[in-house]
Amino acid sequence: MNPPKKKSDGDEKLAEELLKAQEELAKLKDLAGRAQADLQNAKDRLQREGADMRRYALEGAFLSLLPTIDNLQRAFKHLPEEISSHDWVKGIQATESELIRQLQALGLKKIDAVGQPVDPSKHEILQAGPGEEGKVTQVLEEGYELNGRIIRPAKVMVGNGEK
């Protein structure tokens, strides 16, 4: 019978190197997994940011158009009765309606305010007057949101509790 072989110094060194290599491999696998997760998170974040950018890209254009829309609507409110049925006026009103419809199709929405409780994120209070306390009684300038985000709060009159 042969006696069990004693490990040589070379075998011990190889075992040590193998253990170190296995530890290094585990570290590298962990690092690769983390890098892959970071890459996926970055891709997801860029996709979300890109979608938001596309969704709200027209915000500046809408903000520049809103004063013109306000002026048209004010003009129609004060239209003299004797010209209200004129074909030219009806054409301008139809054009304004079509513009509003197209802007709505792009995500612009008028904020519903009259009769609603005051919401500081949607309403800018300019005056208080007779009416139910804390409720919007009159809209002085329309507010708008774009795809659910307020781009201009409605300027409103709010009730002060007096009848």
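The numbers here are math on the coordinates, done by the rules we state, and not lab data. From a predicted model like this one, the values you see are computed outputs, not experimental measurements. Every residue, glycine among them, receives a Cβ derived from its backbone with ideal geometry; neighbour counts consider all protein chains shown.
Per-residue extension of 0.36 nm, minus the Cα-Cα distance of Ala128 and Lys20, leaves a gain of 31.2 nm for this segment. Computed from Cα atoms, the angle from the helix 59-77 axis to the main principal axis of the chain rounds to 20 degrees. Computed from the alpha carbon atoms alone, the convex hull of the range 58-159 holds 108 Å³ per residue. Round to a whole angstrom and tell me the spacing of the C-alpha centers of the range 84-120 and the range 41-72. The distance from the Cα centre of the range 84-120 to that of the range 41-72 comes to 20 Å. Within the range 58-159, DSSP assigns beta bridges of which about 60% are antiparallel (rounded to the nearest 5). Per-residue ellipticity at 222 nm, computed for the chain from helices alone with -39500 (n - 2.57) per DSSP H run of at least four residues, works out to -19000 deg cm²/dmol.
Comparing Gly134, Ile151, Val89 along the charge dipole axis of the chain, the residue lying farthest to the positive side is Ile151, per the Cβ-charge model.
Using Cα atoms only, what is the angle between the long axis of helix 9-56 and the major principal axis of the chain, expressed in degrees (0 to 90) to the nearest 10? Result, in degrees: 10. A Cβ-based charge dipole, computed about the Cα centre of the range 1-104 with Lys and Arg at +1 and Asp and Glu at -1, lands at about 480 debye. Each Lys and Arg Cβ is given +1 and each Asp and Glu Cβ -1; about its Cα centre, the range 58-159 then shows a dipole of about 220 debye.
Applying a DSSP loop filter and a limit of 13 other Cβ atoms within 10 Å to the trypsin sites (Lys or Arg not before Pro) in the range 1-75 leaves Lys5, Lys6, Lys7. Overall shape: prolate for the range 42-106, with the ratio a/c of the largest to smallest alpha carbon gyration tensor axis at 1.5 or above and a/b above b/c.
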